[in-house]
1. Can you give me the distance in nm between label points at A:GLU13 and A:ASP357, each placed 7 Å from the Cα along the Cα-to-Cβ direction?
2. Quick one: how many Å² of A:LYS301 are accessible to a 1.4 Å probe, rounded to 10?
3. Relative to the longest principal Cα axis of chain A, at what angle does helix A:197-210 sit, 0 to 90 degrees, rounded to 10?
4. With an 8 Å cut-off on Cα pairs and a minimum separation of 6 or more residues, tell me the relative contact order of chain A in percent.
5. Quick one: ranking A:HIS316, A:HIS335 by accessible area, 1.4 Å probe, largest first, what do you get?
6. I want the antiparallel fraction of DSSP beta bridges within chain A, as a percent rounded to 5.
7. Using the alpha-carbon centroid of each, what span in Å lies between the range A:219-295 and the range A:19-97?
8. Can you give the calculated 222 nm mean residue ellipticity of chain A, where each DSSP H run of n ≥ 4 adds -39,500 (n - 2.57) and the sum is split over every residue, rounded to the nearest 500 deg cm²/dmol?
Amino acid sequence: MSLEARLAGALREAAREAYGVELDGVHVERPNEAAHGDFASNVALANAKVFRRNPREVAQGLAEALKAPFVEDVEVAGPGFINFRVSSEAFGEELGGLLSTGEGYGRREPSGAPILLEYVSANPTGPMTAAHGRHAAYGDSLARIMAASGRKVSREYYFNDGGNQIRLLGESVAARYAELFGRERPVSDASALYKGEYIRDIAEALKERDGDRYLDADPAEALPAITSFATDWCMAGIRETLARARSGFDRYFNEKSLYESGEVSEVIEELKGRGHAYESEGALWLESTRFGDDKDRVLVKRDGSYTYMAPDLAYHRDKWNRGFGTAVDVLGADHAGYPPRIRAGIVALGLPEDFLDVELVRLVKLLRGGEQVKVSKRAGNFVTFDELMDEVGEDAARYFYVRSSHRTEMNFDLAVAVQQSDENPVYYVQYAHARIASIFRRAETDPGSIRNVPEGEFAPRSERSSSSSSTSRA
RNA sequence: GCGCCUGUAGCUCAGCCGGAUAGAGCAGCGGACUUCUAAUCCGCAGGUCGUAGGUUCGAAUCCUACCGGGCGCGCCA
């Protein structure tokens, strides 16, 4: 157990002993000022109301009742902070524990209900973009952190290879494919087609594999085959990109499987049965206003097809049925309208409201030397995640993505990310690693072989400043 | 118009379930050291925490209004 946790426990015990008060969140931190000790706590201040006494008095009482042999000195300071000085033996023990545990240090054993983390979930209509990159970096980091702090996590990528966007992808590829043979394929709305360079790549790959067999074929047969080839091509590319970014998934969940298993129609029936779905204007609506949404949402369109809500609700119910305690959805900020309605649907299905946790990731603004990089998806002019990694490297890409909170818009300056200078934090980290490795190489020592800390080599920082002249610590 | 997010040092960002002089890195200024990769180390300066009110013993943090930026308000996903 960490020193912070041990101190928090001791404070909780002292509160029970001295005041008969049961505290839940006890905050112990490392103060900014070394003069304030090795650790400090604001319990007395934060819980003054619970104790019904003035903070200084409470702090004094807690300090007196504290039973913690590893604490050398306790003092009450300022408006009611409790400052601790910890013995160097305790620090030595902690360091010894750190060295022997190695990379496992600080990790917790898994416990509690597993979490389903869904992220990226981009439909296979093209390569991953720089915006998706932020999702991959954030989601992967979140998964690692949750796992390290003792939660079982499953990562899923939910995709749909059958919707309207996919149809457009198929049309786009078919048009390009025809062009490769010098033909023109009639399309209903040329402006809606995807224009990216990759469309040509897909068409060429298709020509490579199947030759001209779709050229004069019945479109009713050719188009599905072309579309299927295109989505497979995109999905394979996405998987490659994700692997390169070291962001793996336990499962790629195809929306289609929810129709095949009957779960979509089940969900509709269940909502009807619960009285939360009604028909109006020829469509079937979810009564989501009853559960906090702005307006009711269509589940089944007038033409009989489903909106995305239907399979999405089926997917979330499927997550619940698989035994997950929490579903975390990482979505783009352009889906801001989504959480209230899907939550409404979840509650309407009788699942707990807090089952779903949605994290919205803001957009990435790409800069190059302070100048904004213009992107236009419509014109097929965008920066792919692969191009970004080509330019700055995988590590720098991930570092910058995760550097600032996912909730704020971020500026990603490609020019800075490749600089080998003080301005580039990635370079700093890499350089620090190189230097440390160099030291160990010269010392002819393997850092992994260090098992115990010689007495007096390390000291808590409250002792460091005062006794710096006595011992040199390299 | 309504809703959600956001505005902290010249720049990029922490801090935001209220608490000790508001932090870091970079950039700036001053100094040290000629080396285990100087792409180093130490120090200094720099902030009306968007603005105005309110709650509180105490507000960057909570509440209200306003200003600026982003996103959303489809029988698209």
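1. My value for the distance between the label points is 3.1 nm.
2. 90
3. 60
4. Working: 697 pairs, mean separation 73.9, N = 474.
Result for chain A is 16 percent.
5. Largest accessible area first, the list is A:HIS335, A:HIS316.
6. On the way: 23 of 45 bridges.
Bridges in chain A are about 50 percent antiparallel.
7. Cα centroid of the range A:219-295 versus Cα centroid of the range A:19-97: 52 Å apart.
8. After summing the helix terms and dividing by residue count, I get -14000 deg cm²/dmol.
The values are calculated or read from the model by the stated rules, or taken from the named source; none is laboratory data. None of these values were measured; they are calculated from a predicted model. Positions of Cβ are generated from backbone atoms using ideal geometry, with glycine treated the same way; all protein chains shown enter the neighbour counts. Accessible surface is based on the protein model in full, side chains and every heavy atom, while ligands, DNA and RNA are left aside. Shrake-Rupley method; radii C 1.70, N 1.55, O 1.52, S 1.80 Å.
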